[in-house]
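> Here it is, the structure, as structure tokens.
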Amino acid sequence: MSSSSPSSPPDEPGAPGARGPLTGVRVVDVTAIFMGPSATQMLGDLGADVIKVEAPEGDVVRGIGAQGQQKMGPLFLGMNRNKRSIALDLKSPEGRAALLDLVRDADVLTYNVRPQAMERLGLGYDALAALNPRLLYVGMFGFSQRGRHAASAAFDDLIQAACALPQAMAMGSPDGTPRYLPITIADRSVGLYAFGVISAALYGRERTGRGQRIDVPMFETMVPQVLGDHLYNQTFVPPQGDFGYPRLLSPERRPYPTRDGHVCCLIYTDPQWRAFLAAIGQPALFDSDPRFADIRARTRHIDALYAMVGEALATRTTAECQALLAGTDIPVFPMHTFDTLLTDAHLQDIGFFSEMDHPDVGRIRQMAVPSEWSGTPPGPATPPPRLGQHSREVLREAGYDDARIDALIHNGAVRAS
């Protein structure tokens, strides 16, 4: 990896790449919005030196929400810690040349525009691999380049629709209206998958010594996420039934109302159903009611069984529901709201939420890296960067002197702050 390169930054406490299992890996990150930045933040969290390459106007997500006028909105802050920002006009010859100089010593280049756009900029795989044969060239975009939608634009809502998520939402909805999930599930899921792919590719390159092009298409990544559950009886050829896992599509599958809130409990196995029926004073039902005969029967009748659970819990407070099921091995948990989630006792135990003083926007709340390492733990987080905050620093590491950097800033090929 590039840790031995003289252009690598020093491993100082708190600096990107200082600690964690990916220390010494350098990522040139030409991604924006949600999908790519979520993947590269995970790499940065685990120690990679992530150089975020932005257009002179910056990642559009910088402008969303409070502090958007400062180009430091909350969505940007949530996906861009542990990165350094350099602002380059890649449409200018000088900006493109600067990117090529960064690529020479990089381990990974990530992008999330269509490959055709990278080719038009002269930044296709063949051109960059000629400079750096060890480069992992990782694209995150809408569709596989082998199909008819190869050149089509994509975004989270479109991919949700393309992989039938709104249909699944409609099948479990009382009014049957297709809806998008109210989270950027496709962007973040594909970003998470890309993080794993990049990590595996780094391991593979240590064995082969060679880089490669890797495409991570959104559509093909998300289809198994949906059909993994809902291909169901259409798995067989010929089909042995319809699409859709009934338990997940049941309109009764929801947090159960209690007298003072909502509670989640999942009753799934034979012992759990036997224990639940005993807890509500109807132990004989398990052996006498054919709906409880086995998991296949319960799945066929899941609407009625979930409704029974809901009726039993609705007469109790949330605390009484928890006490009722204590010791039964039935998972049970109160439903959080956004604000109560911030004060969850377990998350407080482990220090999941922390605060840091950001030099530009003041005090901000951060969430922890969720994995825990005994030998190569992630280091302290560095704050999400200002647009072009590290332009001079990164270019100096690439061998540029101050006069050359000043000239690039003057002609608009580089923006620095």
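> I want to verify the translational diffusion coefficient of segment 256-334 in µm²/s; compute it with Stokes-Einstein, Rh as the Kirkwood radius over Cα pairs, at 4 °C and 1.567 mPa s.
Details: Rh = 12.6 Å.
The diffusion coefficient I find is 103 µm²/s.
> I need the Debye-formula profile for segment 130-229: one equal scatterer per C-alpha, no solvent, reported as log10 I(q)/I(0) at q = 0.14, 0.23 1/Å, two decimals.
-0.61, -1.16
> Something else: Neighbour counts of other C-beta atoms within 10 Å: give me THR258, THR317 arranged from fewest to most.
On the way: THR258 21, THR317 14.
With the fewest neighbours first, THR258, THR317 line up as THR317, THR258.
> HN-Hα J couplings of segment 293-300 from phi, Karplus 6.51/-1.76/1.60, θ = phi - 60°, integer Hz, Gly and Pro as x?
Each residue of segment 293-300 in turn: 4, 6, 5, 5, 5, 4, 5, 4 Hz.
> Averaging over every viewing direction, what projected area does the convex hull of the Cα atoms of segment 165-307 cover, in nm²? It would help to have the intermediate numbers written out before the result.
Values: hull surface 53.9 nm².
About 13.5 nm², averaged over all directions.
> Then there's this: Measuring from centroid to centroid over Cα atoms, what is the spacing of segment 259-302 and segment 336-411 in Å?
Rounded to whole Å, the Cα centres lie 47 Å apart.
> May I ask you to give the average projected area over all directions of the convex hull of the Cα atoms of the chain, in nm² rounded to one decimal?
Averaged projected hull area, Cα only: 24.6 nm².
> Could you work out how much longer the chain between ALA323 and ARG396 gets when fully extended? Use 0.36 nm per residue separation minus the Cα distance between them, nm to one decimal. Could you put the intermediate results ahead of the total?
On the way: separation 73, 0.36 × 73 = 26.28 nm, distance 6.24 nm.
The ALA323-ARG396 span can extend by a further 20.0 nm.
> Bin all alpha-carbon pair distances of segment 348-403 at 5 Å intervals from 0 and give each bin's fraction as a whole percent.
Using 5 Å bins, I get a P(r) of 4, 13, 18, 16, 15, 14, 11, 5, 2, 1, 0 for segment 348-403.
> Using modelled amide H (1.01 Å from N, peptide plane; none on Pro or chain starts), what sits under 5 Å from the amide H of TYR137, excluding residues fewer than 5 places away?
Distant-sequence amide H within range of TYR137: LEU109, GLN212, ARG213, ILE214.
> What 222 nm value per residue comes from the helices of the chain, counting each DSSP H run with n ≥ 4 as -39,500 (n - 2.57) and dividing by all residues, nearest 500 deg cm²/dmol?
Working: 19 runs with 162 residues, N = 417.
Dividing the helical sum by the residues of the chain leaves -10500 deg cm²/dmol.
> Shifting gears a bit: Expected output is a single nm value to one decimal: the length gained when fully extending between SER173 and HIS346, i.e. 0.36 nm times separation in residues minus the C-alpha distance. What is it? Walk me through the numbers before you get to the answer.
Values: separation 173, 0.36 × 173 = 62.28 nm, distance 3.18 nm.
Answer, rounded to one decimal: 59.1 nm.
> Could you please tell me the mean projected area of the C-alpha convex hull for segment 320-417, averaged over all directions and given in square nanometres to one decimal?
On the way: hull surface 45.1 nm².
So the mean shadow area of the Cα hull is 11.3 nm².
> Oh, and also: From the backbone phi of segment 213-221, what are the Karplus-calculated ³J(HN,Hα) couplings (6.51 cos²θ - 1.76 cosθ + 1.60, θ = phi - 60°) in whole Hz, Gly and Pro given as x?
Result, rounded to whole Hz: 8, 10, 9, 10, x, 5, 4, 5, 6.
> Here's another thing I want to ask about it. Let me see the P(r) profile for segment 22-121: every Cα-Cα distance counted, bins of 5 Å, each bin given as a percent of all pairs.
With 5 Å bins starting at 0, P(r) equals 3, 13, 23, 25, 19, 12, 4, 0.
> A further question on this structure: Provide ILE295, ILE159, ILE409 in ascending order of the number of other Cβ atoms located within 10 Å of each residue's Cβ, fewest first. Kindly include the intermediate steps, with their values, before the conclusion.
Details: ILE295 13, ILE159 25, ILE409 17.
Ordered from fewest to most neighbouring Cβ atoms within 10 Å, ILE295, ILE159, ILE409 come out as ILE295, ILE409, ILE159.
> Also, I was wondering about something else. Work out the length of the dipole vector of segment 256-334 about its Cα centre, built from +1 on the beta-carbon of each Lys and Arg and -1 on the beta-carbon of each Asp and Glu, and round it to the nearest 20 debye.
Numbers: 7 positive and 9 negative charges, 22 e Å.
In total the dipole reaches around 100 debye.
> Could you tell me the relative contact order of segment 309-378? Use alpha-carbon pairs under 8 Å, at least six residues apart, and round to a whole percent. Can you show the working numbers first?
On the way: 30 pairs, mean separation 10.7, N = 70.
Relative contact order comes out at 15 percent.
> When the Kirkwood radius is taken over all Cα pairs of segment 144-194, what Stokes-Einstein diffusion coefficient follows at 25 °C and 0.890 mPa s, in µm²/s? Let's see the in-between values first.
Working: Rh = 12.1 Å.
Taking Rh from Cα pairs, D becomes 203 µm²/s.
> Another question, if that's okay. Let me know the charge dipole size of the chain about its Cα centre in debye, to the nearest 20, where only the beta-carbon of Lys, Arg (+1) and Asp, Glu (-1) is charged.
Values: 39 positive and 46 negative charges, 151 e Å.
For the chain, the charge dipole is close to 720 debye.
> So what are the ³J(HN,Hα) numbers for segment 183-200, from phi and the Karplus equation (6.51, -1.76, 1.60; θ = phi - 60°), rounded to whole Hz, Gly and Pro as x?
Those phi angles translate into 9, 7, 5, 5, 4, 6, 5, 5, x, 5, 5, 4, 4, x, 4, 5, 4, 5 Hz.
> Sticking with this structure for a sec: Which whole-number percent is the relative contact order of the chain (Cα, under 8 Å, 6+ apart)?
On the way: 725 pairs, mean separation 83.7, N = 417.
Computed over the chain, the figure is 20 percent.
Each reported figure results from applying straightforward, stated rules to the coordinates on display, with no laboratory input. In this text the structure is predicted, and so the values were computed from the model without any measurement. Here the Cβ is made from the backbone with ideal geometry for all residues, glycine too, and neighbour counts use every protein chain on show.
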